[in-house]
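Here's the structure we're looking at; comments come further down.
The values are calculated or read from the model by the stated rules, or taken from the named source; none is laboratory data. Remember, predicted model here, so these are calculated numbers, not experimental data. Methodologically, a virtual Cβ is constructed for each residue, glycine included, from the backbone with ideal geometry; neighbour enumeration extends over all protein chains shown. Note: accessible area is taken over every heavy atom of the protein model, side chains too, but ligands, DNA and RNA are not part of it. Shrake-Rupley method; radii C 1.70, N 1.55, O 1.52, S 1.80 Å.
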Amino acid sequence: MNNLKRVDLNLLVTLEVLLTERSVTRAAARLNLSQPSVSIQLAKLREIYHDPLLLPGSRGMLPTARALGLLTPLRQTLADLGRLVAPEQPFDPRLAEMTWQLAAADAAEYAILLPMLPKLRLAAPNSRLAIREASPKNMSRDLADGVIDLGFLAREEAPAELRHRQLFHENYLLVGRHDHPLLQTPPTLEQFCQLEFVMVSQDGGGFRTLTDTLLEAQGLARRVVMSLPHFLFIPALLAKSDMVAMLPSRMLGQLLGDLRTCPVPLELPGYDMVMVWHERSHLDPAHSWLREQVVAALEHQLRN
């Protein structure tokens with residue numbers, strides 16, 4: 001690094017042209033410099049390398065053994081530097097061979113990734129998606145470290161230091177099997193409390209949510225008989241039992257099958273689903289394109 005600090009990189013450009021042309025006159029013409037200027041630069045190069053580099057010959061200048069050894073790595077280095085300082089090229093999804101790492105809970109996979117996937121595969125056929133389990137407590141670190149590129153969280157879970165964009169507002173619906181005897185009409189609050197609930201506890205083993213707190217404020221309680229770490233198993237479980245669940249409405253659009261939905265007889269707030277990413281990715285053309293695909297897919301779903 002100390003040697004590099006004392007070298008004007010323009011001298012390396014001159015050296016490559018001199019070794020190619022083997023003539024100060026022709027090199028000066030290519031570089032659009034005067035012949036004396038190129039001669040001065042050659043003198044500096046000889047001092048740096050402690051070698052004459054080019055010697056007079058009968059048909060122009062002859063490179064020394066040291067100069068011939070420099071030519072190939074010199075051309076490679078200049079090519080690499082040219083790419084380093086070149087203007088950023090527009091992202092072309094048709095040619096890109098990307099592997100995007102996305103983090104989402106299974107409810108977000110159904111609500112966000114499933115609508116996006118068909119057009120994404122058509123637009124970027126050579127790229128891949130890796131879907132990871134969303135971990136709110138690790139999201140900021142994983143985005144900063146490049147472990148994931150894009151995450152999907154409820155707004156209240158999203159770390160404040162991350163960039164985010166709201167995708168939609170989500171509400172819960174009461175869900176049970178289609179012929180559930182207590183769901184043939186929307187249940188009253190009293191009937192709601194008599195149902196047997198299965199719930200999702202992402203941290204594992206929990207049996208309590210905001211619903212239980214709101215019920216307790218009215219002197220009521222419900223029966224939570226099963227806790228699961230994810231949503232995926234719930235539709236099949238409900239279809240074969242009298243258990244019910246409160247599930248995000250957008251997820252249900254993909255999973256209903258033989259299930260019945262009813263409004264929740266309780267003023268239960270929903271949540272905003274947001275897309276989050278790190279500042280380091282914000283201006284990256286490929287990353288920007290991916291974010292726009294998410295938004296476009298959801299807008300298309302809403303229109304249809």
- [ ] Hey, can you find the accessible area per residue of the chain for me, probe 1.4 Å, expressed in square angstrom?
- [x] 57
Open item on the list: Please check: in the Gaussian network model of the chain (C-alpha springs, under 10 Å), which one of Gln218, Gln202, Gln194 has the largest mean-square fluctuation.
Closed with: Gln218
- [ ] Give the long-range amide H neighbours of Leu62: residues separated by 5 or more places, or on another chain, with amide H under 5 Å away, using H modelled in the peptide plane at 1.01 Å from N.
- [x] Leu55, Gly57
Task: Part-to-part distance (alpha-carbon centres) for the stretch 12-38 and the stretch 219-285, which is given in Å - done: 70
Open item on the list: Out of the GluC sites (Glu not before Pro) in the stretch 196-304, which ones are loop residues according to DSSP with at most 16 other C-beta atoms within 10 Å?
Closed with: Glu267
Task: Given (1) 68, 18, 14; (2) 37, 20, 18; (3) 26, 24, 21, the label whose value is semi-axes √(5λ) of the Cα gyration tensor in Å derived from this model - done: (1)
Task: Cα gyration tensor, the stretch 154-289 - rounded (a/c under 1.5), prolate or oblate - done: prolate
TODO: Choose one answer from Pro36, Pro125, Pro93: the residue with the largest mean-square fluctuation in a GNM of the chain with alpha-carbon springs under 10 Å.
DONE: Pro36
Task: Per-q log10 I(q)/I(0), the stretch 200-278, q = 0.11, 0.16, 0.21, 0.23 Å⁻¹ (Debye; single scatterer per alpha-carbon; no solvent) - done: -0.35, -0.74, -1.22, -1.39
Task: Sequence-distant residues sharing a close amide H with Val200 (under 5 Å, placed H) - done: Leu228
- [ ] Rank Phe91, Phe233, Phe197 by mean-square fluctuation in a GNM of the chain with C-alpha springs under 10 angstrom and give only the top-ranked residue.
- [x] Phe233
TODO: Apply the Karplus parameterisation 6.51 cos²θ - 1.76 cosθ + 1.60, with θ equal to phi minus 60°, to every residue of the stretch 15-23 and state each ³J(HN,Hα) to the nearest whole Hz, in sequence, with x for glycine and proline.
DONE: 4, 4, 5, 4, 5, 7, 7, 6, 7
Task: Sites matching GluC sites (Glu not before Pro) across the stretch 42-126 that sit in DSSP coil, with at most 12 neighbouring C-beta atoms within 10 Å - done: Glu88, Glu97
Task: Backbone HN-Hα couplings from phi across the stretch 28-43 [Karplus 6.51/-1.76/1.60, Hz, Gly and Pro as x] - done: 4, 5, 5, 7, 6, 10, 6, 4, x, 4, 5, 4, 5, 5, 4, 4
